[in-house]
Amino acid sequence: MTDFVTIPQDEFIKEVTELVEKAQKEGIILRILGALGIHIHSTHCEECIVLHKALDRLGDGKPMFTDLDLMAYSRQSKQVRDFFEKKMGYKPDQYVNTMFGNRRNIFYHPKGHFHVDVFYDVLSFSHDVKFENGRLEKTIPTIPLEELVLEKLQIHQINRKDLVDLFVLFLAHDVLNVEEENKINGKYIAEILSDDWGFWYDATNNLRKVLEVLQNDPKVDKNQFETVKERINKLLKIIDETPKTKAWEKRAKKGTSKPWFNEVEEVER
């Protein structure tokens, strides 16, 4: 198995977008996650794409993406497996697909260009990002903007590349207190965090880290930084002003005196 995508970026994006669209025609919901999802959502913003590369996150001779991460519903897991194996000719990872069943599947490109990691219903890492109430149907070919934000904010030991991804995402999209196309719905994010103190704690710290790490980067100009700062502070304000649940308040009393995040175990492939 290759550790990186071995075909050109544009070809990869075209192929995986068509993959999602073909699945859609079969009635199968697949949506793109991670850095690729952020890249696709930011293509309308030329300065965002340029900055993403300038910050050594994407391109410039290095492989842009390591694989294709997709989200799906466990109720369609058999259809997903049939789609990849029978319809598209992908090879299944028998060990992972047997061991993890309806939680996670891995498939290998017929020509070995990349592998596909399919997660079902929930991204369960440092904190859980759940896909309920038709969230995956809201946008295509990626998961919604709010979940792209939450996917990064849930990381307990966040690194620079994920902070850069968040910076670019906030540069490309404004934050509102309501739902609007191509905008980040801060209210939705705040409501998710209002019921989970541990997630709230890591998420709010990570939002501040975005500004701390990128503030003095010479590749980020002042206007870009001020735009992102305004949007992140807007989101922090919405989060702060959103009423917290009793479960949040109860867990908040214990604070960091006991673990507030899940230990992440990497699947061996």
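Shape class of segment 117-269 from the alpha-carbon gyration tensor: rounded, with the ratio a/c of largest to smallest axis under 1.5. For the chain, the solvent-accessible area of protein heavy atoms averages 50 Å² per residue (probe radius 1.4 Å; ligands and nucleic acids excluded).
Summing +1 for each Lys or Arg and -1 for each Asp or Glu among the other residues whose beta-carbon sits under 9 angstrom from that of His127 gives -3. Asp174's amide H: which non-local residues (gap 5+, or another chain) put their own amide H closer than 5 Å, with H modeled 1.01 Å from N in plane and none for Pro or chain starts? Under 5 Å from the amide H of Asp174: Ile184. Each peptide in 221-228, 106-113 was scored by the mean count of other Cβ atoms within 10 Å over its residues; highest first, the order is 106-113, 221-228. Each residue of segment 73-82 is assigned a 3J(HN,Hα), and the resulting list reads 9, 4, 5, 10, 4, 5, 5, 4, 4, 5 Hz, derived from the Karplus form 6.51 cos²θ - 1.76 cosθ + 1.60 (θ = phi - 60°), x at Gly and Pro.
Under 18 Å from a label point set 7 Å out along the Cα-to-Cβ vector of Glu15, the amide N atoms of segment 63-99 belong to 63-70, 83-93. Here the Karplus relation 6.51 cos²θ - 1.76 cosθ + 1.60, evaluated at θ = phi - 60°, turns the backbone of segment 255-262 into coupling constants of x, 8, 6, 9, x, 10, 9, 8 Hz, with x for every Gly and Pro.
The GluC sites (Glu not before Pro) of segment 58-146 that meet both conditions, a loop assignment by DSSP and at most 15 other Cβ atoms within 10 Å of the site Cβ, are Glu132. When the chymotrypsin sites (Phe, Trp or Tyr not before Pro) in segment 1-101 are filtered for DSSP coil states and for at most 16 other beta-carbon atoms within 10 Å of their beta-carbon, the remaining sites are Phe4. The alpha-carbon atoms of segment 1-157 define a convex hull whose volume equals 122 cubic angstrom per residue.
A helix-only calculation puts the chain at -14000 deg cm²/dmol for mean residue ellipticity at 222 nm, using -39500 (n - 2.57) for each DSSP H run of at least four residues, averaged over all residues.
Phi angles of segment 196-209 translate, via the Karplus equation with coefficients 6.51, -1.76, 1.60 and θ = phi - 60°, into HN-Hα couplings of 9, 4, x, 5, 4, 4, 5, 5, 5, 5, 5, 4, 5, 5 Hz per residue; Gly and Pro are given as x.
Site pair Glu180 and Asn223 shows an inter-label distance of 2.1 nm when each label is modelled 7 Å from Cα along Cα→Cβ. The fraction of accessible area contributed by carbon and sulfur in the chain is 47 percent, rounded to a whole number (1.4 Å probe; ligands and nucleic acids excluded). The amide H of Arg31, built 1.01 Å from its N in the peptide plane, has Met71 as neighbours under 5 Å, considering only residues 5 or more places off or on other chains.
The values are calculated or read from the model by the stated rules, or taken from the named source; none is laboratory data. In this text, all values refer to a predicted model and were calculated from it rather than measured experimentally. Note: ideal-geometry Cβ built from the backbone for every residue, glycine included; neighbour counts use all protein chains shown. Remember, those area values only see protein heavy atoms, side chains included, never the ligands or the DNA or RNA. Shrake-Rupley method; radii C 1.70, N 1.55, O 1.52, S 1.80 Å.
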